[in-house]
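Encoded as structure tokens, the structure appears first; notes follow it.
None of the figures in this text is laboratory data; all of them are computed from the coordinates on show. Small disclaimer: the values here were computed from a predicted structure and weren't measured. Quick reminder, even Gly has a Cβ in these numbers, built from the backbone with ideal geometry, and neighbours come from all protein chains shown.
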Amino acid sequence: MPRNPIHPMSTAPHNDPSADAEAAPLRFADHDTRRVSLIIPTFREADALPHLIDRLRAFHADSGYELQALIMDDPSGDGSDTIVADTGLPWLNYVGRTGPRGLSAAVVDGLARAEHPYVVVMDADLSHPPESIPALLDALDNGHDFVFGSRYVKGGSTDDDWGLGRWLNSRIATILARPLTHLKDPMAGFFAFRKSLLDQADHLNPIGYKIGLELLVKGHCTRPGEVPIHFTDRVHGESKLSFKEQLKYIQHLRRLYIFKFGTWTHLIQFLAVGTLGLGVNLAALTVLLVLGVPEIPAIAGGIAVSVVSNFLLNRRFTFSYARESSWLRQFLGFCGACALGAGVQFAVAAYLVHTYPDFIPQLAATIGVVAGTAFNFIANRYLVFKKQHVRLNDVPEA
Ligand code: GDD
Ligand code: MN
């Protein structure tokens, strides 16, 4: 099994000019004893656990940390519980979860049990080197409020056998999270923060895998950092990151966007649906023409189809918080708002060309479109799809 000796490069906090990467000494034992709760989500890791425990035992001895390691198992039914119990280590606890299985849920449960001021989350499969924990904590002490063990900052790395597929996957996931954070590896499951962060974290409601991203965003972290780590491919057992879990990431991202950007997220979705509507309109028009429908009714048909599809998409996604209300009333309201929006569009453009004879008609029409769309959005957001009490924390069950 590849080991990760503590290389100076892999322990220097990133973004920290005061840290002299070359000269950084091994960090063990040059601090007051640190008290660390280590949360390790675990599912069917009986093959990896003995190796993990060996590494943790060595780390515990070398670091001198006061450690509370929580093996948050989902129960795997593979003897993981006995493996942990047989060690007899007082600082190593097995927690057999009940309730819905899930990596993020396991971490959230672990947070409730964490007793120490520093919290570190890491995988059980030894992809994350425990020896890098001091570097993560140093970065916290140097002013960061949330620190990821990162594969993508200078000095970080992954094993060579990462296929293109996995690499691309990880990169695309990171790019999608860009509006939420500029970190290079916010997808990592290896991160540290002070437990006190939880006092300022809004209602945690993660789905899927990205509990680190959830804590970063909902914890209102302002000074996140990354320290380089070497990410080792798992040697024992199998990955649990299924395609289904990856789809949940999109859902999770949407929730985080809504949390962070509120109404702006609704506007962006509304505009995206509108743009898609143009495509739907043209596609329906083409189909009707191919079916032999005359042009005028075909144009009307294209509009009707796109109005219905826009309504359905806006109800399902853009304004999903209002999905419980009557769809019929919402549909009529939506059509009314669209019709009035078209009226506003016309009125604004007509007013401009009428009042200022030199006004370029195309520019007037464009301003009309913007005004009509703004009207349309505001009417839908605050009247048609209104919610009694819209609070930022009311993140919809998407
Ligand atoms: N309790 C519990 N319940 N633990 C789980 C579950 C679950 O449903 N699913 C996975 N785990 C545990 C695994 O046992 C492992 O310790 C850890 O969570 C990560 O799962 P892996 O199956 O090893 O996932 P991965 O290696 O594909 O994903 C890792 O890398 C990703 C970035 O490439 C994780 O660190 C992800 O968080 C990270 O995004
Ligand atoms: Mn893994």
So in the range 60-86, with the set limited to residues that are closer than 15 Å to Asp123 by Cβ and hydrophobic (A, V, I, L, M, F, W, C), which one is farthest from ligand 1 (Cβ to nearest atom)? Ala69
Go through the range 168-206 and give me each residue that's within 16 Å of ligand 2 (Cβ to nearest atom), touching a helix residue (DSSP H, G or I) at 6+ places or on another chain (Cβ under 9 Å) and either more than 30 Å from Pro117 (Cα to Cα) or not in a loop (DSSP other than H, G, I, E, B) (or both). Asn169, Ala173, Phe191
Any idea which of Gly149, Gly165, Gly143 is within 16 Å of ligand 2 (Cβ to nearest atom) and surrounded by fewer than 15 Cβ atoms within 10 Å (Cβ to Cβ)? Gly165
Looking for whichever is in contact (Cβ under 8 Å) with a residue 12 or more places away in the chain, hydrophobic (A, V, I, L, M, F, W, C) and within 30 Å of Lys218 (Cα to Cα) here; the options are Val280, Val273. Which one fits? Val273
Can you say whether Ala114 is within 14 Å of ligand 1 (Cβ to nearest atom), surrounded by 15 or more Cβ atoms within 10 Å (Cβ to Cβ) and aliphatic (A, V, I, L, M), as far as the supplied structure shows? no
Which residue is surrounded by the most Cβ atoms within 10 Å (Cβ to Cβ), if the candidates are limited to the range 61-86 and must be hydrophobic (A, V, I, L, M, F, W, C), in a helix (DSSP H, G or I) and in contact with a helix residue (DSSP H, G or I) (Cβ under 8 Å, 6 or more places away or on another chain)? Val84
In this structure, is Leu89 in a loop (DSSP other than H, G, I, E, B), more than 13 Å from ligand 1 (Cβ to nearest atom) and in contact with a helix residue (DSSP H, G or I) (Cβ under 8 Å, 6 or more places away or on another chain)? yes
Within the range 176-220, the residues that are of a type in the set (Ser, Thr, Tyr) and within 17 Å of Met122 (Cβ to Cβ) are Tyr209
Answer from Lys240, Lys195 - the residue that is closer than 18 Å to Ile39 by Cα, surrounded by fewer than 19 Cβ atoms within 10 Å (Cβ to Cβ) and within 12 Å of ligand 1 (Cβ to nearest atom): Lys240
All-but-one check, Leu140 against (1) assigned to a helix (DSSP H, G or I); (2) touching a helix residue (DSSP H, G or I) at 6+ places or on another chain (Cβ under 9 Å), failing number (2)
Specify the residue that is surrounded by the most Cβ atoms within 10 Å (Cβ to Cβ); the eligible residues are those in the range 100-111 that are of a type in the set (Gly, Ala, Ser) and under 9 Å from Asp74 (Cβ atoms). Ala106
Output for Cβ contacts, cut-off 8 Å, separation at least six or different chains, first residue touching a residue at least 12 places away in the same chain (Cβ under 8 Å) and in a helix (DSSP H, G or I) in the range 235-253, second of a type in the set (Gly, Ala, Ser) and more than 10 Å from ligand 1 (Cβ to nearest atom), reads Gln251/Ala398; Leu253/Ala177
With Asp125, Asp145 as the choices, which residue is among the acidic types (Asp, Glu) and farther than 19 Å from Glu214 by Cα? Asp125
Whichever residue in the range 117-137 is in a helix (DSSP H, G or I) and in contact with a Leu (Cβ under 8 Å, 6 or more places away or on another chain) and, among such residues, is nearest to ligand 1 (Cβ to nearest atom): Pro130
What's the number of the only condition in (1) away from ligand 1 (no atom under 11 Å from the Cβ); (2) out of contact with any Lys or Arg (no Cβ under 6 Å at 6 or more places or on another chain); (3) more than 21 Å from Glu115 (Cα to Cα) that Asp141 fails to meet? (3)
Going residue by residue through the range 221-228, is there one that turns out to be touching a Lys or Arg at 6+ places or on another chain (Cβ under 8 Å), more than 16 Å from ligand 2 (Cβ to nearest atom) and not in a helix (DSSP H, G or I)? yes
